[in-house]
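Q: This is the structure I have questions about; it appears just below.
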Amino acid sequence: MPDPGTEQSCLFCRIVAGEIPATIVASDDSCIAFRDITPQAPLHVLVVPRLHLPDVAALAARAPGVLADVVALASKVAASEADGQFRLIFNTGARSGQSVFHVHAHVIGGAELGWSPA
Ligand code: AMP
């Protein structure tokens, strides 16, 4: 089985490795959190596992503990940067809006959020 650790061509692997700059707001042993380059809300941070897997379904199957780490870091960021309330979005597949195929959670908050999935 191929090593799922990193992929040289993956944008988020390169941010994790420090090869591409990002505004990192938090990190732990398994994940980093950095500001989305095109924020959609006052708080819009991406929580990215260091492990390269394509999406949240693969993460849940391969490393469920890291999925729990993603949620914990998202909660920590929302507590420090907003009021602790947040929406967590995992786009999964191109038709859902996924454009970077390295699993990441969008942490959205800092405002009253409407519901407009399309
Ligand atoms: P998704 O469309 O769900 O795969 O989300 C990918 C997100 O990555 C988008 O919200 C982009 O704005 C964001 N993004 C792309 N490139 C960068 C970058 N270099 N630094 C920070 N965020 C980025």
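Q: Only one of these is within 14 Å of the ligand (Cβ to nearest atom), in contact (Cβ under 8 Å) with a residue 40 or more places away in the chain and in contact with a Cys (Cβ under 9 Å, 6 or more places away or on another chain): VAL48, VAL25. Name it.
A: Within the list VAL48, VAL25, the selection yields VAL48.
Q: Any residue at all in region 37-58 that's at negative phi, surrounded by fewer than 17 Cβ atoms within 10 Å (Cβ to Cβ) and in contact with a helix residue (DSSP H, G or I) (Cβ under 7 Å, 6 or more places away or on another chain)?
A: No, region 37-58 contains no residue that is at negative phi, surrounded by fewer than 17 Cβ atoms within 10 Å (Cβ to Cβ) and in contact with a helix residue (DSSP H, G or I) (Cβ under 7 Å, 6 or more places away or on another chain).
Q: Looking at region 88-118 only, could you name the residues that are out of contact with any strand residue (DSSP E or B) (no Cβ under 6 Å at 6 or more places or on another chain), near the ligand (Cβ under 8 Å from one of its atoms) and under 16 Å from PRO39 (Cβ atoms)?
A: ASN91, GLY97, SER99, VAL100
Q: Return only the number of the condition from (1) over 20 Å from ALA22 (Cβ atoms); (2) over 12 Å from the mean Cα position of the chain (by Cα) that VAL71 does not satisfy.
A: Single failed check for VAL71: (2).
Q: I would also like to ask the following. List every residue pair whose Cβ atoms lie under 7 Å apart, where the two residues are 6 or more positions apart in sequence or sit on different chains, the first residue falls within region 91-104 and is within 17 Å of VAL47 (Cβ to Cβ), and the second residue, located anywhere, is aromatic (Phe, Trp, Tyr) and outside any loop (DSSP other than H, G, I, E, B).
A: These pairs meet every condition: VAL100/PHE12; HIS102/PHE12; HIS104/PHE12.
Q: Another question about this same structure. Report, by residue number, each residue of region 64-87 that is surrounded by fewer than 18 Cβ atoms within 10 Å (Cβ to Cβ) and more than 16 Å from the ligand (Cβ to nearest atom).
A: PRO64, GLY65, ALA68, VAL71, ALA72, SER75, LYS76, ALA79, SER80, ASP83, GLY84, GLN85
Q: Just one of (1) touching a helix residue (DSSP H, G or I) at 6+ places or on another chain (Cβ under 6 Å); (2) part of a loop (DSSP other than H, G, I, E, B); (3) free of Cβ contacts under 8 Å to residues at least 12 places away in the same chain; (4) away from the ligand (no atom under 14 Å from the Cβ) trips up GLN8, so point out which.
A: That leaves (1) as the condition not met.
Q: Any residue in region 48-65 that is modelled with pLDDT of 95 or more, out of contact with any Gly (no Cβ under 6 Å at 6 or more places or on another chain) and part of a strand (DSSP E or B)?
A: Yes, region 48-65 contains at least one residue that is modelled with pLDDT of 95 or more, out of contact with any Gly (no Cβ under 6 Å at 6 or more places or on another chain) and part of a strand (DSSP E or B).
The values are calculated or read from the model by the stated rules, or taken from the named source; none is laboratory data. Computed from a predicted model, the values in this text were never measured in an experiment. Quick reminder, even Gly has a Cβ in these numbers, built from the backbone with ideal geometry, and neighbours come from all protein chains shown.
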